[in-house]
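Structure first, commentary second.
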Amino acid sequence: MKKWWIAPVSAVLAIGMVAGISVAAASGSSSQGTAQVQEQDVQEPSYQTSIQVPDPEPKDLNGLAKVTAEQAKEAALSANPGSTITKVELDNENGSLVWGVELSNGADVKVDAGNGQVVHTEQPDLEEAGEERGETETSEVEAGTSEIQGSPAGK
């Protein structure tokens with residue numbers, strides 16, 4: 001007895017598998033597109049200030065600020081005692097108007113340009129802080145080497 005039904009069933013199964021794979025591939029690519037859009041929508045750091053910068057952004061942001069650079073410096077220093085100011089700049093951070101105040105300790109303080117409140121402080125990581133002070137991995141290795149060379153012989 002011949003098994004005449006094997007060829008038609010195999011063809012149907014093959015067609016079904018191809019269709020299933022193409023549907024899965026299409027839905028996978030659309031979900032990846034959605035994930036990419038969602039990733040682009042996430043803004044870091046995520047804070048809002050009392051003044052939102054209009055779109056398109058004005059050429060001169062100073063006209064929008066209610067807090068002066070001096071007031072922003074005072075706010076940043078009071079939140080970070082013992083530091084000194086290295087740079088102050090009015091910035092549009094993700095649509096929020098802030099004074100970016102860079103400090104001698106490497107911190108970058110964001111001050112609301114509308115009410116003078118500190119809304120975010122970004123601390124440098126240890127590697128960046130070492131680079132700002134002129135330290136490098138090489139100098140650390142050399143320092144370790146000199147200690148080994150200075151140890152008494154025979155011990």
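The values are calculated or read from the model by the stated rules, or taken from the named source; none is laboratory data. Please read these numbers as outputs of a predicted model, since none were measured by experiment. Cβ placement follows ideal geometry from the backbone for every residue including glycine, while neighbour counts extend to all protein chains displayed.
Of the residues Gly130, Gly100, which is under 22 Å from the mean Cα position of the chain (by Cα) and modelled with pLDDT of 85 or more? Break it down into steps so the answer makes sense when it comes.
Values: Gly130 fails: modelled with pLDDT of 85 or more.
Within the list Gly130, Gly100, the selection yields Gly100.
Does Ser83 qualify as being among the polar types (S, T, N, Q) and farther than 14 Å from Tyr47 by Cα?
Details: among the polar types (S, T, N, Q): yes; farther than 14 Å from Tyr47 by Cα: yes.
For Ser83, the condition - among the polar types (S, T, N, Q) and farther than 14 Å from Tyr47 by Cα - is met.
Given (1) surrounded by fewer than 18 Cβ atoms within 10 Å (Cβ to Cβ); (2) in contact with a Lys or Arg (Cβ under 9 Å, 6 or more places away or on another chain), where does Glu93 come up short, assuming only one miss?
Here Glu93 meets the rest and fails (1).
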